[in-house]
Amino acid sequence: MRFSQKIVAAAALVAASLPFAASAQTTITGAGATFPFPIYAKWADEYKKSTNVAMNYQSIGSGGGIKQIQSKTVDFGASDMPLKAEDLAKDGLVQFPAIIGGVVPVTNLDAVKPGELKLTGPVLADIFLGKIKAWNDKAIADLNPGIKLEGPITVVRRSDGSGTTFVFVDYLSKVSPEWKSKVGVGTAVAWPEGVGGKGNEGVAQYVQRIKGAIGYVEYAYAKKNKLDHIQLKNRDGQFVQPEEASFAAASAGADWKGTPGMGVILTDQPGARSWPMTSASFILMHAKAAKPEASKEVLKFFDWAFKNGQKSAIELDYVPLPAATVTLIGAEWKKITDAGGKAVF
């Protein structure tokens, strides 16, 4: 064997003996909310290019994500509905926010431009209650003088357990006593009206296909699918557009430190610029890690995202978490330990 051949052979032998060769690839798994899927997918792509670690996220809805982490079939779950402190304790879970965004009503109407139609919370609730069935109803017409609206309304809502639904119905319950008493709040409710689509994707597709439709999706889906969003009257009586600035305004006063499990609900917040259906999306992990190395990789991913993913988040109209909130999250991460009680990250 020539000298050069010996060098190549020796190098191959060393590479094969390393426990984590350069070609090796770790994969972490998560499942849950469709609300943050666009940004998680973007972060995952950038993170893999940077670290060669893949993040496989199943966009199955918050209800599915909660079930998957409870049954320990994924490394992390994701939900737009924060779990209460007693539920976290019962299942031995740690919860922290990852991103902030907005849920927006979207329509398929020929007569209006994107962001032109105005609605109030009570009118929106009456539409989804099935009380307002036509676009030329006086309650809608009075809010939109000069716009010719006509035809029947088709309500499109989620068919699966969904954190996006939780945000939407939590807001409706705050502005409509009838909604609160008849339908209530949850990731899934007994809808009095409408056709169901699975995931934000399914709702977006139905709204695109049905003239006169109204539905609700996370804002990134509205932009991606070029759906017409509405203006919504907020708690301060101002009509506002859904955008990064109005989501940020709604989250400005969030008390992350004083809320158990950091489970802040951001719907119907005060402030002249606040979007009424703003929400954080949350990550759920087991406090006693069954697979400490996998849990460590999850936390490394989100640590990287908090430090390097702000630009991508803003481009997709999400609101990155402020530095002070990220510091608080770091304290929550210390609760995630191996069998010996040592923090995994």
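Brief remarks follow.
- Order of 176, 279 - criterion: other Cβ atoms within 10 Å of each residue's Cβ, fewest first: 176, 279
- Column: log10 I(q)/I(0), Debye, Cα scatterers of the stretch 178-315, q = 0.12 Å⁻¹: -0.69
- By average C-beta atoms within 10 angstrom, highest first, the peptides 310-316, 244-250: 244-250, 310-316
- Highest to lowest packing among 70-78, 30-38, scored as the average C-beta count within 10 Å: 30-38, 70-78
- Magnitude of the charge dipole, the stretch 103-252, Cβ model with Lys/Arg +1 and Asp/Glu -1, debye to 20: 200
- Contact order for the stretch 103-252, expressed relative to its length and based on alpha carbon pairs under 8 Å spaced 6+ residues apart, stands at 36 percent.
- Built amide H within the under 5 Å cut-off of residue 35, gap 5+: 164
- 20 Å Cα-Cα threshold exceeded, pairs from 113/174; 90/198; 84/335: 113/174; 90/198
- The stretch 103-252 shape via C-alpha gyration tensor axes, a/c threshold 1.5: rounded
- Student exercise, the chain dipole from Lys, Arg, Asp, Glu Cβ charges, in Debye to nearest 20: 700
- Simple Cβ-charge dipole of the stretch 38-193, Lys/Arg +1 and Asp/Glu -1, about Cα centre, in debye nearest 20: 40
- Where only DSSP H runs of four or more residues are counted, the chain gives -11500 deg cm²/dmol as its mean residue ellipticity at 222 nm, each run worth -39500 (n - 2.57).
- Put simply, the amide H of residue 99, placed in the peptide plane, has neighbours under 5 Å in 281, leaving out anything fewer than 5 places away on its chain.
- Global geometry of the stretch 59-157, whether rounded, prolate or oblate, following the gyration tensor of its Cα atoms and the 1.5 cut on a/c: prolate
- Fraction of alpha-carbon pairs over 35 Å apart in the chain - percent: 27
- Global geometry of the stretch 196-244, whether rounded, prolate or oblate, following the gyration tensor of its Cα atoms and the 1.5 cut on a/c: prolate
- The distance from the alpha carbon centre of the stretch 112-132 to that of the stretch 213-252 is 13 Å, rounded to a whole number.
- Our summary gives the chain a relative contact order of 23 percent, counting only alpha carbon pairs under 8 angstrom and 6 or more residues apart.
- Each principal axis of the stretch 135-223 carries a Cα extent, and these read 38, 31, 22 Å when sorted largest first.
- All aspartates and glutamates inside 18 Å of residue 334 as judged from Cα atoms, apart from same-chain residues fewer than 8 positions distant: 75, 91, 293, 297, 303
- Between the beta carbons of residue 211 and residue 138, assuming R0 = 30 Å, the FRET efficiency works out to 0.90 to the nearest 0.05.
Readers should treat all values here as calculations from the given coordinates under stated rules, not as data from a laboratory. Since we're looking at a predicted model, the values are computed, not measured. Reconstructed Cβ throughout: ideal geometry from the backbone, glycine too, with neighbour counts over all protein chains shown.
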